[in-house]
Amino acid sequence: MSLDRAIPQALGTLILTRAMLKGCKIATKYSARNRATVYDGNCLDLLASMPDESMQLVVTSPPYNIGKEYEKRLRLSDYLDQQRDVISECTRVLRPDGHICWQVGNYTQNGSIVPLDAALYPIFCDLGLKMRNRIVWHFEHGLHCKNRFSGRYETINWYTKTDDYYFDLDPVRVPQKYPGKRHFKGPKAGEFSCNPLGKNPGDVWVFPNVKSNHVEKTSHPCQFPVELVERLVLSMTREDDSVLDPFLGAGTTIVAAMMHNRRGHGAEIVPEYIEIAKARINQAVRGTLPVRPKDRPVFDPKMAGKKLTTAPWLSKEWADAGTLFEKE
């Protein structure tokens with residue numbers, strides 16, 4: 001990392017450390033001065049209190065209209081109208097060089113699925129937003145289906161307001177597959193061909209979803225991991241920028257923002273989740289929040305030596321028992 005990048009990052013870390021020492025008050029009403037805002041109520045009311053072009057990044061995972069405990073199931077057309085209202089307001093408060101990242105899955109009805117990213121796409125386009133990536137978030141655990149293949153991905157749909165948007169790839173680069181690779185011909189023959197900071201992570205992201213044994217798990221049933229939001233925050237915002245989550249849930253977006261010296265704002269209507277979000281934000285400020293390290297490889301049960309990875313019916317003991325049974 002070059003010196004001109006290292007010095008500002010070090011200063012930012014120092015600022016964040018001082019903020020931690022002083023403590024952080026979680027505001028309940030929006031102000032541009034807030035480090036963290038958790039609004040108890042409808043996100044449209046929070047958005048109405050925000051001035052135009054005040055947010056650098058909007059990142060959220062809205063209700064999927066599938067009847068979870070925190071939502072009322074609507075007709076799909078009514079759900080899309082509801083989403084349009086929120087997306088329109090998010091677009092209003094978005095800065096010209098800012099981003100909207102809408103993370104969604106599928107709406108299901110009578111065994112048929114509707115990919116919500118496709119259903120919502122016309123709304124974003126009508127508002128003049130441009131899609132930059134349809135990022136696939138792959139995970140390995142979830143419901144097991146009997147009449148179709150089990151769903152093991154959702155999408156993060158990244159839109160910008162203009163063509164002149166802020167984006168910094170360097171903080172989110174990942175290790176090269178072949179870091180020792182060199183140019184084999186031309187004027188750079190013999191020189192290393194890779195970026196020493198790492199490679200572009202691409203548009204298929206593999207992060208474990210937050211299930212029962214995940215270190216970040218709370219009682220919220222659809223919590224997304226901190227490392228997913230971190231990648232968006234680090235690449236699409238600068239220090240001290242504001243990040244908004246209109247459907248805050250367990251507070252992950254504000255946690256990821258504050259961990260990297262950004263400001264975080266969000267709305268939530270479920271009292272239990274509001275308290276969870278506040279507790280997690282306070283833990284993040286103190287540096288005590290359990291978070292899965294973003295450079296940790298996905299858990300491999302075979303590499304970990306888990307016995308359950310061996311099928312018992314393939315073992316010698318099972319085969320011997322089967323033979324004896326057949327003889328009897």
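Here's the yes/no breakdown for (1) modelled with pLDDT under 95; (2) closer than 28 Å to Pro122 by Cβ:
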position: Leu143; (1), (2): yes, no
position: Phe149; (1), (2): yes, yes
position: Thr155; (1), (2): no, yes
position: Trp158; (1), (2): no, yes
position: Asp164; (1), (2): no, yes
position: Pro171; (1), (2): no, no
position: Arg182; (1), (2): yes, no
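Looking only at residues in the range 113-165 that are in a strand (DSSP E or B) and basic (Lys, Arg), the one that is surrounded by the most Cβ atoms within 10 Å (Cβ to Cβ) is Arg132. Screening Gly180, Gly198 for residues that are touching a Pro at 6+ places or on another chain (Cβ under 6 Å) and farther than 18 Å from Val291 by Cβ leaves exactly one candidate, Gly198. Only one of the numbered conditions (1) of a type outside the set (Lys, Arg); (2) part of a loop (DSSP other than H, G, I, E, B); (3) in contact (Cβ under 8 Å) with a residue 40 or more places away in the chain is not met by Ser235, and that is (2). For Leu248, are the conditions met, namely being outside any loop (DSSP other than H, G, I, E, B), surrounded by 15 or more Cβ atoms within 10 Å (Cβ to Cβ) and under 14 Å from the mean Cα position of the chain (by Cα)? Taking the combined requirement at face value, the residue does not satisfy it.
The values are calculated or read from the model by the stated rules, or taken from the named source; none is laboratory data. Note that the coordinates shown come from a computational prediction; the quantities given were computed from them, not determined experimentally. Here Cβ is always computed from backbone atoms with ideal geometry, including for glycine, and neighbour counts include all displayed protein chains.
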